[in-house]
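Below: one structure, written as structure tokens.
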Amino acid sequence: MADELTGGPVNVGGEPAQPAPGSTGLNTQVNGEAATVSAAAGATGGIAPGNFIDTAIDEELFKFNSDDTPLMQLMLYAKRVKVTSPVIQHYAIDEPRSSVVLQKAVGGKDADSVVLDLAKEDKRLLQPFTTVLVKGVDGYDQSGANTTPGQPLMLFITSKDANTGNPVAMAVNGPKTNTTDDTSTVPAIAAGTTLIILSVAMFETQKEVAPNLIVPTPTEIYAQKRGFNSIVSDYFEAQKKRIPFSKALIAEAQIKDFKTKGNRTLWAGRKSKFTVETDLGLQTIYTTEGVRYQIKRHLDHQGKWTFEELISLMKMIFTGEDVPKAVIALCGKNFLENIQTIDFSKHPEVQIIAKTNPIGWSVTSIHTVFGDLELKLEPTLDRLGWSNSAGIIAYDRIVHYVYSAEHKDSEKIEGHEATRESTVVWDALGLKGSCHIWIDGEAGCVAAGVTTFALWGSAEAPASPVEGKVYILTVDCPGINAKATFGQAWQYKDSKWSEYSGEIYAG
């Protein structure tokens, strides 16, 4: 349904359509709307074309002091996007939602069909002709008389409720009043049940179904202008010095200082915009948001690692909605020591090798059946007081926004016998997707707007579980739930335990 004046999508009640959240919580899903310019503009407020160009690297700057500033090296290696404003609309890649949760109990008492009560933003995800799997509710055999334990009930969306816009569903493999009935009834389905979204099922002459429009939803990133000056007096340059200083040596020291400070900013800077008084009047300063705060999955872990915990980490990285091709862990010194002292003697199938990665670094790579984890020391984390922590970053999920490319100027200072050389760059680093992980080893990981995980290796439930935290089980844990087994994730939310479904709140 579209608004006649604007062409933008609207809900049943007539208000503008609000995109539903994707798997990471970004509002990108507008099911039931055609992918047209007007529909997309109506849902987003308008999307202007970007100016994307191929990766270009300043080889000299890239190689200089590279081991001391790994995050900056990743930025220079990433896809380079030329932007025309220091305020950047950053589009994170989001995956379609795979499930929704039923808000109220339905079914039972020979119900031929039911209205599925869903959250407002989820209603549009289940369009007519969609099939839905009901987790935790057994289906029935073809006779409709006997349940099929372990084989779930499946629903078929027939229409939309005219009053609420909620989907109306019938059961595909439910109980039958008579074994000869062509259709089945809907058994009781409890509130809080997870509904897995499957594909559409069309009748034999059908050609049309409701379209799905995935609309990018941006977050704002600020590009920060960084630079340094080098001033050398003519007198200093003319002297014969005891220590053979030269412009090259001075410049090398200044570039090193520039890059290391910039690398700390890329990790830990805080996003802000403010105005200052200058000789030319009021002007705006932008500061960029550090990668540490862009990462939306946080894993609490202090001290030594076990083999089981490592495998749980690898599973967390390489399974789920957003799976990267390759990742690197930029590590504080204590974290690197702890993870490399794991006892692998009983696990010859896990390979640890030294190799040169695509960027040209010598790294330690741990190979498991889930994927490879590259480890590299990141001295900046030590300088920031995060020696026990690490950032796991996917090579193919980062972007380097450039508002003003690096440029150098040289000028004589008026009224002085000296020369000023300046270097200026105006850019930002953005993360795409939800696969990046911050491993917090500093004991005290509290971050708003992120999903926090912890590895749990006890049969007893945590004595003081943290509200909203997800506990990844490295052993069976009947203390949490009789069904809580090794490899599962359970979340403590609203003072009760439930198995974690995988969606990540993205702020």
All conditions in (1) part of a loop (DSSP other than H, G, I, E, B); (2) closer than 21 Å to ILE366 by Cβ; (3) in contact (Cβ under 8 Å) with a residue 60 or more places away in the chain are true of SER312 except (1)
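Can you say whether GLY150 is under 18 Å from ILE196 (Cβ atoms), of a type outside the set (S, T, N, Q), surrounded by fewer than 14 Cβ atoms within 10 Å (Cβ to Cβ) and free of Cβ contacts under 8 Å to residues at least 24 places away in the same chain, as far as the supplied structure shows? Can you show your working first?
Details: under 18 Å from ILE196 (Cβ atoms): yes; of a type outside the set (S, T, N, Q): yes; surrounded by fewer than 14 Cβ atoms within 10 Å (Cβ to Cβ): yes; free of Cβ contacts under 8 Å to residues at least 24 places away in the same chain: yes.
Here the answer is yes, as GLY150 does meet what is asked.
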For region 160-183, which residues satisfy the criterion of being β-branched (Val, Ile, Thr) and open to solvent by less than 50 Å² (accessible area, probe 1.4 Å)? VAL168
Cβ contacts < 6 Å: first residue small (Gly, Ala, Ser), restricted to region 274-298; second residue open to solvent by less than 80 Å² (accessible area, probe 1.4 Å), any location; separation 6+ or different chain. Result? GLY290/TRP267; GLY290/ALA268; GLY290/GLY269
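Check LEU384, LEU336 and return the single one that is open to solvent by less than 70 Å² (accessible area, probe 1.4 Å), within 26 Å of the chain's Cα centre (by Cα) and farther than 30 Å from TRP426 by Cα. Working first, answer last.
Details: LEU384 fails: farther than 30 Å from TRP426 by Cα.
Being open to solvent by less than 70 Å² (accessible area, probe 1.4 Å), within 26 Å of the chain's Cα centre (by Cα) and farther than 30 Å from TRP426 by Cα holds for just one of LEU384, LEU336, which is LEU336.
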What are the residues in region 136-146 that are in contact with a strand residue (DSSP E or B) (Cβ under 8 Å, 6 or more places away or on another chain) and surrounded by fewer than 15 Cβ atoms within 10 Å (Cβ to Cβ), if any? GLY136, ASP141, ASN146
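Just the residues that are of a type in the set (Val, Ile, Thr), in a loop (DSSP other than H, G, I, E, B) and under 27 Å from ARG292 (Cα atoms), please, taken from region 449-492.
Let us first name the residues in region 449-492 that are of a type in the set (Val, Ile, Thr), namely 450-452, 466, 470, 472, 474-475, 480, 485.
Adding the requirement that they be in a loop (DSSP other than H, G, I, E, B) leaves 450, 466, 474-475, 480, 485.
Residues satisfying the conditions are VAL450, VAL466, THR474.
Table: residues versus (1) open to solvent by less than 50 Å² (accessible area, probe 1.4 Å); (2) closer than 30 Å to LYS82 by Cα; (3) at pLDDT 85 or above; (4) of a type in the set (Val, Ile, Thr).
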{"site": "GLU406", "(1), (2), (3), (4)": "no, yes, no, no"}
{"site": "ARG420", "(1), (2), (3), (4)": "no, yes, no, no"}
{"site": "LEU429", "(1), (2), (3), (4)": "yes, yes, yes, no"}
{"site": "ASP440", "(1), (2), (3), (4)": "yes, no, yes, no"}
{"site": "ALA443", "(1), (2), (3), (4)": "no, no, no, no"}
{"site": "ALA448", "(1), (2), (3), (4)": "no, no, no, no"}
{"site": "TRP497", "(1), (2), (3), (4)": "no, no, yes, no"}
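So which residues in region 163-173 are within 20 Å of MET202 (Cα to Cα) and outside any strand (DSSP E or B)?
Of the residues in region 163-173, the ones within 20 Å of MET202 (Cα to Cα) are 167-173.
Answer for region 163-173, where residues must be within 20 Å of MET202 (Cα to Cα) and outside any strand (DSSP E or B): VAL172, ASN173.
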List pairs: first in region 117-129 and in contact (Cβ under 8 Å) with a residue 24 or more places away in the chain and at positive phi, second surrounded by fewer than 16 Cβ atoms within 10 Å (Cβ to Cβ) and outside any loop (DSSP other than H, G, I, E, B), Cβ under 9 Å, 6+ apart or cross-chain? PHE129/THR158; PHE129/VAL200
Against the condition at pLDDT below 85 and touching a strand residue (DSSP E or B) at 6+ places or on another chain (Cβ under 6 Å), how does CYS435 come out, does it pass? no
Return the residues of region 101-115 that are open to solvent by 30 Å² or more (accessible area, probe 1.4 Å) and touching a Pro at 6+ places or on another chain (Cβ under 8 Å); say none if nothing qualifies. GLY107, VAL115
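The values are calculated or read from the model by the stated rules, or taken from the named source; none is laboratory data. Just so we're clear, the structure is a prediction, and the values are computed from it rather than from any experiment. Counting neighbours? That spans all protein chains shown, and the Cβs are built from the backbone with ideal geometry, glycine included. Quick note on the areas: whole protein, heavy atoms, side chains included, nothing else; ligands and nucleic acids left out. Shrake-Rupley method; radii C 1.70, N 1.55, O 1.52, S 1.80 Å.
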